[in-house]
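All of the numbers you see were taken from the coordinates with simple rules; none came from a lab. Model, not experiment: these values are computed from the prediction. Cβ placement follows ideal geometry from the backbone for every residue including glycine, while neighbour counts extend to all protein chains displayed.
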Amino acid sequence: MLVTDSETHILRAVWIATVVLILVSILIVTILIIRRTTQYHRSRRTNIRKRKLTRCFYAAITSPVPLTTSSLPAITESDYKTIMLIALDVLRSLRGDDVKKIVRMLELWGMSVYLQKTAYKGKKGERIQALTILGYFSNEAIPIPL
């Protein structure tokens, strides 16, 4: 049986399609591996930062020295959500002057503006968390948005 030109073209097209699909699958797997690796490193950095901030909260509670802006670590906007979650966990278990220290710490970081913004425009769970923390602030410490 002789092979015709059309059969040769079909076979060649199948081979080309197979090679293209293999290359596309290799590209997709490479992208997924890179994405997973960066996600892992980002998660690791976030956990390290969360541990540092948590230690800062507990150090503020136990320290007899009054808190100042210079005594606190610098934070970025990416830390706000983490700080909100840590503060909520810490504040739930504290009473008295320790609560005042944590609230003072949040005030020095300027968290009241972020908490208000989250209370107005955040997702339902985030709004509840922000309002819970704002309940610990004095009325004078919270600027009223116009």
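Odds and ends about this structure:
- GLU107 paired with VAL65, simple spin-label distance in nm, labels 7 Å along Cα-to-beta-carbon: 2.0 nm
- Ranking of TYR80, TYR58 by neighbouring Cβ atoms within 10 Å, starting from the fewest: TYR58, TYR80.
- Potential lengthening between ARG42 and ILE22 on full extension [0.36 nm per residue; Cα-Cα distance subtracted]: 4.2 nm
- All Cα pairs of the chain, percent lying beyond 24 Å: 52 percent
- Annotation: extensible slack from THR54 through SER6 equals 10.2 nm (criterion: 0.36 nm per residue apart, minus Cα-Cα distance).
- Share of Cα-Cα pairs in the stretch 90-134 lying beyond 13 Å, as whole percent: 55 percent
- Think of it as helices only: each DSSP H run of n ≥ 4 in the chain is worth -39500 (n - 2.57), and spread over all residues that comes to -25000 deg cm²/dmol at 222 nm.
- Contact order normalised by residue count of the stretch 5-141, Cα under 8 Å, 6+ apart, percent: 20 percent
- Ordering HIS41, PRO64, THR54 by Cα displacement along the dipole of the chain toward the positive end leaves PRO64 in first place; charges were set at the Cβ atoms of Lys, Arg (+1) and Asp, Glu (-1).
- Rel. contact order, % - alpha carbon contacts under 8 angstrom, at least six apart, the stretch 56-110: 58 percent
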